[in-house]
Amino acid sequence: MRRPVIALVSLAAAALGSLGIPAAASADTPAPPAAGASEFSELPAAGAPGFSETPAAGAASDTDPASSSDPASSAGPASSADPASDTDPASSADPASDAGPTSSADPVSSAAPIRVMPLGDSITYGLGPAVENGYRTDLYGRLTRAGLNVDFVGGVRSGDGADPDNEGHPGWTIEQMSAQVDRWIAEARPDVVLLHAGTNDMRASATVPTAPAALSTLLDQIAADLPQAQVFVAQITGAGTTANRPMWKRRIDSYNARIPAIVESKGPHFHVVDQTGVEGIDLTDIVHPNTFGYAKMAWNWYQAMMPILDPGRGAWPETANPYALTVAQRCIGQSSGDIATYGLGCHTWYRRPETTGSTVRTWQLPVPVTKRVKVVRTLDGKPVATTVKVTTTRWIEGY
């Protein structure tokens, strides 16, 4: 949202607590959620606007012309959504929509807006789902319900959320961002920066080894431009379930391992945010999260921002934690193996024990398997063989 020029907000740097993730607890095989029951549902009614994560065939690429071969700038081929869904899009748009309202007397809500700049590439822009809200709409809702007066800022607008402003540039590398970041900061004057950068650097062998140094340079620029701002730097999201996952995962893991030391070297206003748990079936293709993946990203930003932006006021609302769910719906547009055979489109996944009695739980998809079984019956005292169809359930694991 565009607002008149305001005085910058002074942000405290005290820490209040850890960023732990609640453990999930459920029956081994939970029942499918009722229509509209899951706040992270990605399974809309057929033709519902804004929630198909598998764009129509031939949809235009968002790739920056300078990097047309970038696999991180396309949301992937189309795949049909599950027609059985009757999920209400209005209730699915904001994964945190059940959080209770904040008190009207909350003193923070009446303060000058905190200017937050989401900065990065196509993942910041929100590519993946058809409506390009990314993590931003969910995070904006969480922050406002926590009592903060926030204003997302940037020269780009994407999605249909309450505040679509951002500085997300599909296809851009870290060095491309560095070439423009001083101007973006001068125009937007953020108090908080949320940086997710490096995914596009992983696409080419030439930029993989230079990405950590490029990130360090970019952070130095931000520090010089915004000496009082709080800067949250993501360890970037992982790789999807496509056939080239091993290469992408190896590169991303190596890059992410370097980020904490780089961020720590920049001083107390810089903070690491672990987004590495958003991977595999949380992605609609090799790099772009689906709606559930973006919900996890929003939660991770929110938890990291809490001890910095909320010192002395107590914990923010922690409702709608996607990591605590045991039933969720995911939309996948590109994959390989069993997931390509059975899991493309939008399906309900369950967090179940790996094996009977196991305490290790994984996300799994039920797949009906029909077999023909020979049955021998006695008719008039004589054995008669017939063939019947028997349907059982096979569970395939996500990763």
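In the context of the full set of protein chains, residues of segment 359-399 present 78 Å² of accessible surface per residue (probe radius 1.4 Å, heavy atoms only).
With all protein chains kept in place, the per residue accessible area of segment 132-247 amounts to 29 square angstrom at a probe of 1.4 angstrom. Out of the total accessible area of segment 253-319 (probe 1.4 Å, heavy atoms of protein only), what percent is carbon and sulfur? After summing per-atom areas, the C and S share lands at 51 percent. Using a cutoff of 8 angstrom between alpha carbon atoms and counting only pairs six or more residues apart, the relative contact order for segment 236-338 works out to 35 percent.
Electrostatic tally near ARG258: other residues with Cβ closer than 13 Å to its Cβ, Lys and Arg +1, Asp and Glu -1, net -2.
With N set to the number of residues, divide the alpha-carbon radius of gyration of segment 331-375 by 2.2 N^0.38 Å and report two decimals.
Dividing the Cα Rg of segment 331-375 by 2.2 N^0.38 Å gives 1.46.
List the residues, sorted by chain then number, that are 5 or more residues from TRP172 or on another chain and whose placed amide H is less than 5 Å from its amide H. Those qualifying (amide H under 5 Å, at least 5 residues apart or on another chain) are SER122. With a cut-off of 14 Å between beta carbons, the residues surrounding LEU219 carry a summed charge of -3, where Lys and Arg count +1 and Asp and Glu -1.
The values are calculated or read from the model by the stated rules, or taken from the named source; none is laboratory data. These numbers come from a predicted model, not from an experiment. Glycine also receives a Cβ, built like all others from the backbone with ideal geometry; neighbour counts cover every protein chain displayed. To get the accessible areas, we keep the full protein, side chains included, count just its heavy atoms, and leave off ligands, DNA and RNA. Shrake-Rupley method; radii C 1.70, N 1.55, O 1.52, S 1.80 Å.
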